[in-house]
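The numbers here are math on the coordinates, done by the rules we state, and not lab data. Remember, it's a predicted structure, so these values are computed and weren't measured experimentally. Neighbour counts run over all protein chains shown; Cβ positions are idealised from the backbone, glycine included.
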Amino acid sequence: MPLTDLLPQLSLAEKAALLSGDGDWWTQAVPRLAVPAVELGDGPHGLRTETGKDMVWLPSTCFPTLSALAATWDRDLVREVAAAIGVEARAMGVHLVLGPGVNLKRTPLCGRNFEYPSEDPWLTGRLAAAYVDGLQSTGVGACVKHFAANNQETDRTRVSVEADERTLRELYLAAFEHVVHEADPWALMCSYNRVGGTYASAHPWLLTTVLRDEWGYPGLVVSDWDAVHDKVASVRAGLDLEMPGTGGRTDAEVVEAVRRGELDEADVDRAARRVLHLVDRAHPAPGPLRGLGHRPGDTLTPTQEELLGAAAHHELARRAATASLTLVRNTGVLPLDPSSPARIALVGGYARVPRIQGGGSAGVRPTRVDTPLDALSAALGDRLVTAEGYRVGASDYYQEQPVPTDPDSDEALADEAVALAAGSDVVVAVVGLPLAADSEAVDRTDLALPAAQVSLLRRLVALDVPLVVVLQAGSAVTMDPWHDGTAAVLLTGLAGQGVGQALADVLLGRADPGGRLTETYPLSLADSPGMPAVTGERGHVVYGEGVLIGYRWYDALDRPVRYPFGHGLSYTTFTLDDLHVEVLDAAAGRVRCAVQVTNTGARPGTQVVQVYVGDPESAVHRPVRELKGAVKVALDPGERARAVVELAGRDFAYVDATSGAWRREGGTFVVEVGVSSRDLVARAEIELPDDPGLPPVVRDEDLPTAPVAWAVGGDGPARV
Ligand code: BGC
């Protein structure tokens, strides 16, 4: 019998108790009726479970962060990584993993960008659905977060996002919607921020109108930790579970509110039923009331280690890291020739202590770490010479000590590295942002690397020795003044515990760099969307750039960028030709695009074929192009394949502000195929009619002139 059937037997107090946690990581059990508790654990790029000692975490595999994993553009690989995380969750007794994060990268400044896949909703939604699918295939639930419009850390627990409905639906809600429909996640986590003045944790429009009534979401909505400000309002708005527990305080508030007639008991029942449904999913068989229970100490038991599959998962972490490494510039120096007798200088503290992940609740205590220093030393022996170059803080990979200011020691380390580099044939400089710059609860204020590293790079490019820069950061950085003097730039993102071996394999040509950018690298911060008041002021952040974030922004303004969305080089070369775009069903907007991809180089490699759609003539401004399909192909030299993408209805549509509905406005559409948003190799035009099911577009002169409330609040958009 499903536990949801027990609902009528529960007292009001017992039902209210189900709506808040037991401590930080558990739901409340109901011993009287043998309803067990569910354990929640942080993700998303590995498992963070605490040992009971404050903030001491059990080891688990640290996979590439979602941002790096997304750079693979490979849904099968994402699925495989998420399934491995599910296996580890089971080993730890965790039933619900708090990930993936699907918030869009509205600004490169956001401290949690490393946790989010992309600046594009299509790509984010597809990769996140693959993640949820993989994780849940192991019997462990996913919790998609943070719903909604949590795109910055500045003032995150209070800031009110002022955005219009079209912007919310086309961008910030789209990935959630896709995941809800495609992957049936067990849970969604609401965000800390307000939207249009109402906290997301008590937002009837988000939690009920959109999520339940429109999308039909049957799963659980949990609060972000301490995001509930008014429990009764939250339950009424559609929140199910408050985390962490409040020691019974808010349970009593719920009971009181029902007794006073301020809260409908049906709202409590609905939320309690969803919690019971979660318990049913987490415990398909009768289970202990508190899962496996927490372990003393901070090591894994032998059984857990075996169940964890740590060795196999480390190999998977390496493979995923390799597929995520993104080569953005190569004048021909890479791959390095492993058999040449050249002397290679490896410079940089992050070669010894790599940046493998960001900080905050997503931090994982890795089971082991491949460092670039170890992996390259093993491969190159005494041909490798090394120097620290700049100081890094002491780090156990999830906490890092800040580096105190000391220009003298910076100078001394840089002098040593420059001298070493000057006598070498190639320099590999591993640089990156400190952990504190890729962290929850804070945003960056600029996009530059730390000053000591910029100064070192400036000196290295002045030498007459080819310089390969390996960059470790969770989001875009600026590359002046050193970029143009480099021979190659390889981005590792935050690639997890396998990064060292992955880097050695790619640098030495044993593997092709598989990554493609999922966010634009701007030339300067000032160029980026929403600047200058991008994170808002005085409690509000206005999304004035509307639907133009990421490449949509740079394309609309025709602004040059350092590296465009979708960009990444292989060691081989590809051609794309013979594009066929065929309208299969005009009324439904079903279109098939096929293009021939050929590996024209001498090595095996991967290419990501991207399909963008544009609608040059429309009643509203539309982005110049929007990603609507992508295929990753792996080809041997001389091999060819046909990349096929099918487009359908919404791929051509925008959200009509007068109705809130997606609308395809008939006319000419442009379909472009390429290998980045700025490297489009083929183009076709097609004609599609208006959506047959929708009334015609209201002409400008017929629009009502009544004032329109611009931002969406808790009661939803004001309609004209
Ligand atoms: C974060 C969530 C996280 C939760 C539990 C919050 O501060 O925003 O993403 O899952 O803590 O650690």
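Computed 3J(HN,Hα) for the stretch 60-71, one whole-Hz value per residue from the Karplus formula 6.51 cos²θ - 1.76 cosθ + 1.60 where θ = phi - 60°, is 8, 6, 8, 7, x, 4, 4, 4, 6, 4, 5, 5, glycine and proline marked x. Taking the fewest neighbouring Cβ atoms within 10 Å as the starting point, the ordered list for ARG368, ARG329 is ARG368, ARG329. For the chain, the number of Lys pairs separated by eight or more positions or lying on different chains, with C-alpha atoms closer than 27 Å, is 9. The slack in the chain from THR299 to ALA378, taken as 0.36 nm per residue of separation less the alpha-carbon distance, amounts to 25.6 nm.
Expected output is a single nm value to one decimal: the length gained when fully extending between ASP76 and ARG538, i.e. 0.36 nm times separation in residues minus the C-alpha distance. What is it?
Working it through step by step, the gained length comes to 162.0 nm.
Annotation: peptides 618-626, 187-195, 665-673, 303-311, ranked by per-residue average of other Cβ atoms within 10 Å with the highest first, follow the order 187-195, 665-673, 618-626, 303-311. Compute the label zone of ALA422 within the stretch 353-387: residues whose backbone N is under 19 Å from the point 7 Å along Cα-to-Cβ. Only 385-387 pass the distance filter.
Listed peptides 120-128, 573-581 appear in the order 120-128, 573-581 once ranked by packing, highest mean of other Cβ atoms within 10 Å at the front.
Would you please give the FRET efficiency between GLU646 and GLU315, computed as 1/(1 + (r/R0)^6) with r the Cβ-Cβ distance and R0 = 35 Å, to the nearest 0.05? Please report the intermediate quantities before stating the final value.
Details: r = 34 Å, r/R0 = 0.98.
Between GLU646 and GLU315 the formula returns 0.55.
Cα centroids of the stretch 55-123 and the stretch 370-429: 29 Å apart. Taking the helices alone, the chain has a mean residue ellipticity at 222 nm of -7000 deg cm²/dmol, built from -39,500 (n - 2.57) per DSSP H run of at least 4 residues and averaged over all its residues. Put simply, when 404-416, 494-506 are sorted by average Cβ atoms within 10 angstrom per residue, most first, you get 494-506, 404-416. Computed from backbone phi with θ = phi - 60° and the Karplus coefficients 6.51, -1.76 and 1.60, the 3J(HN,Hα) list for the stretch 117-123 is x, 6, 8, 10, x, 4, 5 Hz; x is used for glycine and proline.
If neighbour count is taken as other Cβ atoms inside 10 Å, put THR72, THR705 in order from fewest to most. Working shown, then result.
Details: THR72 28, THR705 6.
With the fewest neighbours first, THR72, THR705 line up as THR705, THR72.
Where Rh is the Kirkwood radius over the Cα pairs of the chain, the temperature 25 °C and the viscosity 0.890 mPa s, what D in µm²/s does Stokes-Einstein return? Walk me through the numbers on the way to the answer.
Numbers: Rh = 26.5 Å.
Using the Kirkwood radius from Cα pairs, D works out to 93 µm²/s.
Summarising the amide proton neighbourhood of GLY238: residues at separation of 5 or more, or on other chains, whose placed amide H is nearer than 5 Å comprise an empty set. In sequence order, the stretch 598-603 has phi-based couplings of 10, 7, 9, x, 9, 10 Hz under the Karplus curve 6.51 cos²θ - 1.76 cosθ + 1.60, θ = phi - 60°, and Gly or Pro positions carry x. Beta bridges per DSSP, both residues in the chain: antiparallel share near 60 percent.
So how much slack lies between ALA526 and ALA394, counting 0.36 nm per residue of separation and subtracting their Cα-Cα distance, in nm? If you can, show how the numbers build up before the last one.
Working: separation 132, 0.36 × 132 = 47.52 nm, distance 3.28 nm.
Between ALA526 and ALA394, full extension yields 44.2 nm more.
Relative to one another, the C-alpha centroids of the stretch 246-264 and the stretch 610-639 are positioned 51 Å apart.
Computed from the Cβ-Cβ distance with R0 of 56 Å, the FRET efficiency linking THR573 to ARG699 stands at 0.70.
Each of LEU703, THR535, GLY515 was placed along the dipole of the chain (beta-carbon charges, centred on the mean Cα), and the one lying farthest toward the positive end is GLY515.
Hey, fewest Cβ within 10 Å first, where do TRP710, TRP482, TRP73 land in order? Walk me through the numbers before you get to the answer.
Values: TRP710 15, TRP482 23, TRP73 29.
Arranged by neighbour count, lowest to highest, TRP710, TRP482, TRP73 become TRP710, TRP482, TRP73.
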